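The values are calculated or read from the model by the stated rules, or taken from the named source; none is laboratory data. Not measured: the values here are computed from a predicted model. Note that we place each Cβ from the backbone using ideal geometry, even for glycine, and neighbour counts take in every protein chain shown.
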Amino acid sequence: MYIVNISKGVLKMNSISITRAAELKPKPQDESNLGNGMYFTDHMFSMNYHSDKGWYDARIVPYGPISLDPASTCLHYGQLIFEGMKGYRANDGRTLLFRPHNNMQRLNASAARMCIPPVDVDFMVNAIAKLVDIEKEWIPRSEGTSLYIRPFIISTDCYIGVQPSESYLLNVILCPLGHYLAGGLKPVRIFVEDEYVRAVKGGVGYAKCAGNYAASLIAQVKAHKLGCAQVLWLDGVNHKYVDEVGHMNVFFVMDGKVVTPELTGAILPGITRDSVITMLKSWDIPVEERLIDIQEIADAAKSGKLEEIFGCGTAAVISPVGELIWGDVEIKAGDGKTGPISRRIYENLTGIQRGVLPDPFGWSFEVK
Ligand SMILES: *Cc1c(COP(=O)(O)O)cnc(C)c1O
């Protein structure tokens, strides 16, 4: 039986042991060529869990391979969840994390779905802040760059039977990330996937669990072959309501209104999505969260009312979509250029993240 027990394992910040790397790696010099997360920093955070003890042995150690018994259940049955968040170096030298508590809360939501024990949110935010502080020289400074933070939890019990593991390993690794959208905000072409589905209600679509990404690859490969950058996922039952675009949430600007799919359980509740909705409402721009039939989008485009489409997520922040390819229908958004709402959100959100603009929503967490 799965028993949530964090009380046994409430770790104190001073219980994190730190072992420094004997030698530091050379840091990538060319910030315009950091690629897609290829360079990992010198240290990582780890801690273990056992149902008898809760979380224990929190430590910052040199970055390196983790050794796993080949029978570890994560390798077979995929009890594996992760998060993705970012840190920035502000012009005034502060190190800022964007909404890290929300990421740790979502890690716990994913954990609950996958029978993985939860973490203590404040402890984890502080542990990540400590790791980022140790690695702050790795945070790139040029505009559009960031330090990507990847916490993940894997099950480590060893047996062939299928049941929730009693033991887990949590790691946090870091890597400098280049400008995701090299060349600026350029609208991309997206393939509307009507054969494969990403998730269904009642499944694991709202969890950041590894299997979702393995399952999505085939559609991505297909989209690339068709000259598209990504796929637009439709709902798994009717194959007609819009879910997400690639690994991002999606927004449409139609007829002066902004609409985005409601969180049905098949959709990942993005923190960028929430930030976009909050910012739009603060600008008195109405936002509707509801089911969106792909036919409605095609009709809006036909009558000239589809102004903008954009995806949003931690990695790209905002990714404008120029057109959707839905069977033999081409759905074009606006004039094919990045629209004013996409641009305004991108500039304001990245401004807050980088500490360049005021942070009226209290989203930045300073690493001290
Ligand atoms: C992570 C993710 C998102 C975006 O979430 P953010 O919190 O904004 O980064 C959207 N969809 C999927 C499938 C994701 O994995």
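Scanning segment 7-34 for residues that are within 28 Å of Phe123 (Cα to Cα), at pLDDT below 85 and in a loop (DSSP other than H, G, I, E, B) returns Val10, Leu11, Lys12.
Against the criterion of being touching a Lys or Arg at 6+ places or on another chain (Cβ under 8 Å), touching a residue at least 12 places away in the same chain (Cβ under 8 Å) and in a strand (DSSP E or B), Val237 does not qualify. Annotation note: of Leu357, Leu349, the sole residue that is surrounded by 14 or more Cβ atoms within 10 Å (Cβ to Cβ) and in contact with a helix residue (DSSP H, G or I) (Cβ under 8 Å, 6 or more places away or on another chain) is Leu349. Among strands (runs of 3 or more DSSP E) entirely within segment 48-100, having at least 1 residues that are within 16 Å of the ligand (Cβ to nearest atom) singles out 80-82, 85-89, 95-98.
The requirement of being part of a loop (DSSP other than H, G, I, E, B) and within 11 Å of the ligand (Cβ to nearest atom) is satisfied by Val204. Tell me, yes or no, whether segment 295-305 has at least one residue that is out of contact with any Asp or Glu (no Cβ under 9 Å at 6 or more places or on another chain) and within 16 Å of the ligand (Cβ to nearest atom). No, because not a single residue in segment 295-305 is out of contact with any Asp or Glu (no Cβ under 9 Å at 6 or more places or on another chain) and within 16 Å of the ligand (Cβ to nearest atom). Just one of (1) within 16 Å of the ligand (Cβ to nearest atom); (2) in contact with a helix residue (DSSP H, G or I) (Cβ under 7 Å, 6 or more places away or on another chain); (3) over 16 Å from Ile190 (Cβ atoms) fails for Met254. It is (1).
In the set Ile292, Ile285, Ile267, Ile309, which member is among the aliphatic types (A, V, I, L, M), more than 12 Å from the ligand (Cβ to nearest atom) and farther than 19 Å from Tyr346 by Cβ? Unique residue meeting the criteria: Ile292.
Considering (1) under 15 Å from Ala333 (Cβ atoms); (2) over 15 Å from the mean Cα position of the chain (by Cα), the lone condition that Ser319 does not fulfil carries the number (2).
When Thr272 is tested against (1) polar (S, T, N, Q); (2) within 15 Å of the ligand (Cβ to nearest atom); (3) over 18 Å from the mean Cα position of the chain (by Cα), only condition (3) is not met. Among the residues making up segment 233-251, a single one is polar (S, T, N, Q) and either closer than 21 Å to Asn102 by Cβ or within 9 Å of the ligand (Cβ to nearest atom) (or both): Asn249. I'd like to know if segment 164-184 contains one or more residues that are touching a helix residue (DSSP H, G or I) at 6+ places or on another chain (Cβ under 7 Å), within 20 Å of Pro117 (Cβ to Cβ), within 16 Å of the ligand (Cβ to nearest atom) and small (Gly, Ala, Ser). No, there is no match, as no residue in segment 164-184 is touching a helix residue (DSSP H, G or I) at 6+ places or on another chain (Cβ under 7 Å), within 20 Å of Pro117 (Cβ to Cβ), within 16 Å of the ligand (Cβ to nearest atom) and small (Gly, Ala, Ser).
Selection over segment 282-297 of residues that are under 19 Å from Val321 (Cβ atoms), of a type outside the set (A, V, I, L, M) and part of a helix (DSSP H, G or I) gives a count of 2.
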